[in-house]
Structure formats: structure tokens, C-alpha cells
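Chemist: This is the structure, below, for whatever I ask next.
What follows draws every value from the coordinates through simple rules; no lab data is involved. Predicted model, so just to flag it, every value in this text is computed and none were measured. Cβ atoms come from the backbone with ideal geometry, glycine included; neighbour counts cover every protein chain shown.
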Amino acid sequence: MKAVILAAGQGTRLRPVTLTMPKSLVPVANRPLIAYAIEILKNGGLTEIAIVVNDLSSPICTVLGTGADYGVQLTYLVQREQLGLAHAVNVTREFVGDEPFCVYLGDNIFQDPMEALLRGFSDSGAECVIALGEVSDPTRFGIAQITDGKIERVIEKPKEPPSNLAIAGVYLFRKSIFDAIAQIKPSWRNELEITDAIQQLISTQADVRPYTLTGWWIDAGKPDSIILANQLVLGDLPYTPKIEDKNIVLGTSDVSNRVIIGENSQIIDSVIRGPVIIGKNVIIKNSFVGPYTALGDNTTVESSEIEASIVMTNCVIRSIPGRIDSSLIADNSQVVASAHMPAARRLILAENSYVNF
């Protein structure tokens, strides 16, 4: 059984961060978002994985390479025009052949390992299984209507939802899905919708079953949801004792438990309250780093306070009054206070930036 991760989207909801990196590479707890998908698939026994990208020059191909670092074999397929999820699935037809396969949306992250789902599908007798997650407002999602343990209808953003189980972005298919895609027409968005293809399967009396996720599930396509995903992943970190190595923790520093510190990083006269993950070659000096913060490699935090935030690689945060909270700071950024009078703000911002003083 093979797997496909869909990662060809432009990530417009995450701009300006995604102006320079695909959203699948945005870090959550210092790991690319897509790495969590690869890990779940690998643990479910699926090691032959195709990633659908918009171009073979995508940084995704460069960063992930052959997949050897993740213990999987990666193939890259190109969807040059984003014409819907069903269109993206069609791109994979030659790769998957006649085998059952999994389709996984690359910007979703799950607490549920789904191992039983992935390992059991081949012998299940089902033609399709859809992962569903409970949501508080089902009118905002594609919703499955379930009768006698089978999905009898999928409804996009229903005004009167038949359930609170939203389609969560993991699908198990057999080759019949390609025939179903061939029968559907583009939607009002001029896209081939995967929900329409699934409904086509249902109309042929195919056995389409639900799988209800356990634990949290995040569609991490927006800054707030990426920050929330970071918090949830860090919240699941196991207990680790306080780090008291004098080569790492210097001066009057106080580092709590559940703090992970990378190689060649130092905490100098600072307070760190876990859960926190700190990358390699990071310097934290005269600062406070609060819970649910991830600091990327080669970052400096000096005379500042930050919590519940993601700071990517090669960043500088220095002498910031007040506390930085719930922020997403991309690679090579500098957040520094003015060192001279007048204490003016100088901003160089990309499209869709957000600043709150």
C-alpha cells in the first residue's frame, strides 16, 4: 500500500510567511509540518510516499530529498494547476497503480496516530474510508452523514448539519476512486472536488466507511492555527528533568522541566518555562521564554520576553519592551528596539503582515 501527501497549494492564508516557503515546511515544534504526516504514514507501515508539489523546484523537494532521513522513500509528482483535490489525486494514478492508497493533506496535523486505520484498510473490504474529526461548528466544514456505520452522504458546509463529524483530510482509497473522478464535473470553483468523487462512489453502492479521530486535529493553514498546533505538540512533550548542565545553563538562569535544548545553545541569566523547544546554536540572554515557545536554530533572544510563539531560524529578538505573545516570526527576521531617540517604529513588512504594538 502506498501513500500520497498533497502539498501543491500556494498557502495564501499563511502569507507573508509562505511568500518564501511552502506552508508544508512551516515549523511546528521545530519540525516541518509535513514531517508529522510522514511520521504517521511510516508508523502505519506506508513507506512508499509521493508528495504532490506545484513544481519540482519546490523547496519541499530540496528539504526532504529522497526521504532517507525519515526512513521512507519519497517520489515527487507535479500538479501544475491547482484544480481541486480530486484533480491532485488523479495526478497520482500512475504512482499508485492498482494498489490501495492513502491520501493525506499536507497542512493537517493530528494527535491520533491512525495506525489501525492505515494498517487495516487493505483487508477491510471497504472501498473508501474517510477520517472524520469532531468540530464545534460543522457549518464551516464538509460533513459526513453516517447510517449503520457507513457514510451515505458527504455535504459541504451544510446549513443544518446531520452530524458534527468533519472531513479531516485523510482518505483511504482503492483504484475505483479514479473511475469516480472521471464521472464528476468541475464545481462552481472550477475545481474537481474530492467530496463529489466520494459521493459518486456512494451512488454506486460502494462501501464508504468513517473513521473517527481521537484527540485533537488542526487544519494548520492559518497563522493562528499553526501557533495552536505548536502549542498542542509541545503540550504532548513527555516529562524531562530540569537541565542543570553548567555549560548550557549559565549565571542566574532558571530552566524548568519539559525544556529541550539543541546542541551548542546557551541560556544566560534567563528564565525558561516549559514546554519549550530550543534549536541548535541559540543564545538566550537576560530574557524570559515562556511556555509553548519554539525557537529555531541560530536564533538570539536578548533582553526580551516571549511565549506561546514560533520563531524560525536565524532570527534576532533584542531589547523588546513588553512580552511577545502568540507570534509567528519567519526565518532571518530581526525584531529589535530602537537604540536611539526618538523611539520610533521602523517597519518593513510583506503583504498580509500583521503588527500589534
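Chemist: Under DSSP H, which helices of the chain have Cα atoms covering 15 Å or more of the helix axis and a Kyte-Doolittle average no less than 0.5? If you can, show how the numbers build up before the last one.
Modeler: On the way: long enough: 33-43 (16 Å, 1.14); 223-235 (18 Å, 1.01).
Those that pass (Cα extent of 15 Å or more, hydropathy at least 0.5) are 33-43, 223-235.
Chemist: Give, as a single signed number, the net charge of other residues whose beta carbon lies under 12 Å from the beta carbon of ASN298, with Lys and Arg counted +1 and Asp and Glu -1. Could the numbers behind the result be given before it?
Modeler: Working: positive: LYS280; negative: GLU263, ASP297, ASP331.
My count for the surroundings of ASN298 gives -2.
Chemist: Pull out a ≥ b ≥ c, the square roots of the eigenvalues of the alpha-carbon gyration tensor of segment 162-206, then state rounded if a/c is under 1.5, prolate if not and a/b is larger than b/c, and oblate in the remaining case.
Modeler: On the way: a/c = 1.61, a/b = 1.13, b/c = 1.43.
It is oblate, given that a/c is not under 1.5 and a/b is not larger than b/c.
Chemist: In nm, to one decimal, how far is the SER256 label point from the GLU94 one, both placed 7 Å along Cα→Cβ?
Modeler: So the label points at SER256 and GLU94 sit 5.4 nm apart.
Chemist: R0 = 30 Å: FRET efficiency of ASN264 with VAL63, Cβ-based, nearest 0.05? Kindly include the intermediate steps, with their values, before the conclusion.
Modeler: Working: r = 22 Å, r/R0 = 0.73.
Here the calculated transfer efficiency is 0.85.
Chemist: Can you give the extra length, in nm with one decimal, that the chain gains between TRP188 and VAL336 once fully stretched, where that is 0.36 nm per residue apart less the Cα-Cα distance? Present the calculation step by step, with values, prior to reporting the outcome.
Modeler: On the way: separation 148, 0.36 × 148 = 53.28 nm, distance 4.68 nm.
Computed gain between TRP188 and VAL336 is 48.6 nm.
Chemist: Do the sum for the chain: with -39,500 (n - 2.57) for every DSSP H run of n ≥ 4, divided by all residues, what is the mean residue ellipticity at 222 nm, to the nearest 500 deg cm²/dmol? Write out the running numbers ahead of the final one.
Modeler: Details: 8 runs with 65 residues, N = 357.
Per the formula, -5000 deg cm²/dmol.
Chemist: Highest mean first, what order results for 28-34, 175-181, 125-131 on Cβ atoms within 10 Å? If you can, show how the numbers build up before the last one.
Modeler: Details: 28-34: 22.3, 175-181: 18.6, 125-131: 20.7.
The densest-packed peptide leads the list: 28-34, 125-131, 175-181.
Chemist: Compare the peptides 49-56, 243-250 by average per-residue count of other Cβ atoms within 10 angstrom and give them in order, highest first.
Modeler: Working: 49-56: 20.1, 243-250: 12.8.
Most protected by this proxy first, the peptides run 49-56, 243-250.
Chemist: Continuing with the same structure: Would you list, by chain and number, the lysines whose Cα falls below 25 Å from the Cα of LYS157, excluding same-chain residues fewer than 8 positions away?
Modeler: LYS23, LYS185, LYS222
Chemist: When only alpha-carbon atoms count, how far does segment 237-336 stretch along each of its three principal axes, as whole angstroms with the largest first?
Modeler: 30, 27, 24
Chemist: For ASN43 and ASP207 in one chain, what is 0.36 nm times their gap in residues minus the Cα-Cα distance, to one decimal in nm?
Modeler: Working: separation 164, 0.36 × 164 = 59.04 nm, distance 2.57 nm.
Going from the current span to full extension adds 56.5 nm.
Chemist: What net charge is computed for the residues neighbouring VAL154, neighbours being all others with C-beta under 10 Å from the C-beta of VAL154, Lys and Arg scored +1, Asp and Glu -1? Let's see the in-between values first.
Modeler: Values: positive: ARG153; negative: GLU152, GLU156, GLU193, ASP196.
Around VAL154, the surrounding residues sum to -3.
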